[in-house]
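No value in this document is a laboratory result; all are computed from the given coordinates. Keep in mind the model is a prediction, meaning the values are calculated, not measured. Cβ sites come from the backbone with ideal geometry, for glycine too, and all protein chains shown count toward neighbours.
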Amino acid sequence: MAEDVIVKDSNGSQLHDGDSVMLIKDLKVKGTSETLKRGTLVKGIRLTDNPGEIECNTKQVKGLVLKTEFLKKA
């Protein structure tokens, strides 16, 4: 992974591996009937090579990729 990539949430706060984030919008998860509700706390995120995406696990879905435009740092 490129260490010089800066990943920011919807408010412009910088995100790091292991941070906790909160959803700012209800999101339907493709391939499942699950909907992640606004305000859901996601702990222990992992940054990807794409500055617009993070990887994470939730109670409902494992191996999830979320766009940073729908997140805010918790």
- Item | Extension reserve of the H16-T58 stretch, reckoned as 0.36 nm per residue once the Cα distance is removed | 13.4 nm
- Message: Could you derive backbone 3J(HN,Hα) for the stretch 10-16 from the dihedral phi with the Karplus parameters 6.51, -1.76 and 1.60 (θ = phi - 60°), listing whole Hz in sequence and x where the residue is Gly or Pro?
- Response: 5, 8, x, 6, 6, 9, 10
- Task: Place +1 on the Cβ of every Lys and Arg and -1 on the Cβ of every Asp and Glu in the chain, take the dipole about the Cα centre, and give the residue among T35, V7, T68 whose Cα lies farthest towards its positive end.
- Result: T35
- Note on the structure: For the chain, using Cα atoms only, the Rg and Dmax in Å read 11.5, 36
- Message: Using the crude model of +1 on Lys and Arg Cβ and -1 on Asp and Glu Cβ, and no other charge, please compute the dipole size for the chain relative to its Cα centre, in debye to 20.
- Response: 520
- Message: If you average the C-alpha positions of the stretch 10-25 and of the stretch 50-74 separately, how far apart do those two centres end up, in angstrom?
- Response: 9
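Compute the relative contact order of the stretch 1-70 as a whole-number percentage, counting only Cα pairs closer than 8 Å that sit 6 or more residues apart in sequence.
30
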